[in-house]
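We did not get these values from a lab; they are worked out from the coordinates using the rules stated. What you are looking at is a predicted structure, and each value in this text was computed from that prediction instead of being measured. Counting neighbours? That spans all protein chains shown, and the Cβs are built from the backbone with ideal geometry, glycine included.
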């Protein structure tokens, strides 16, 4: 298979999956799925054994389409699955979404990112993007701390010269801290 065909297949697959996720996202917004803990719990409970996979997909979507704050869905995961399984399912979905954000930004560039990220957030972090270690420190802190725009920063990291390996290490090591915070908060609430 030549590189032109491979590029076409990659682009077509990306468009298909982004379209399918957008349709599910629109459905979720219209039905209150992403804003109502009860709606989310009802959908997951009706899914039976597929409930965890559906929740992981929802976590993935809320990262790739940063419309709903991730803390809400993390807390919902704790209520539905308990602190350990809620944490694990959230971690899997959020990590997959974060890798996807990095890949999409790296693949489609600044024009694509500007369509997803608000101008205020984009401008706020643009000056730090290629300032070497300064962005790395901001990025690592955002991944560790709860309530930071870490999903957007994963996309912005894709625009930098940060190697994928460094991105992966920061993400895989730092993400559990904020997820543990949400899991414990949900457990004790």
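Our summary gives the stretch 3-188 a relative contact order of 23 percent, counting only alpha carbon pairs under 8 angstrom and 6 or more residues apart.
Classification of the stretch 3-188 by its C-alpha gyration tensor yields an oblate form. The axis ratio a/c (a ≥ b ≥ c) is 1.5 or more, and b/c is at least a/b. The fewest-to-most ranking of 120, 110 by surrounding Cβ atoms within 10 Å reads 120, 110.
Please arrange 43, 179 by counting, for each residue, the other beta carbons lying within 10 Å of its beta carbon, fewest first.
Starting with the residue having the fewest Cβ neighbours, the order is 43, 179.
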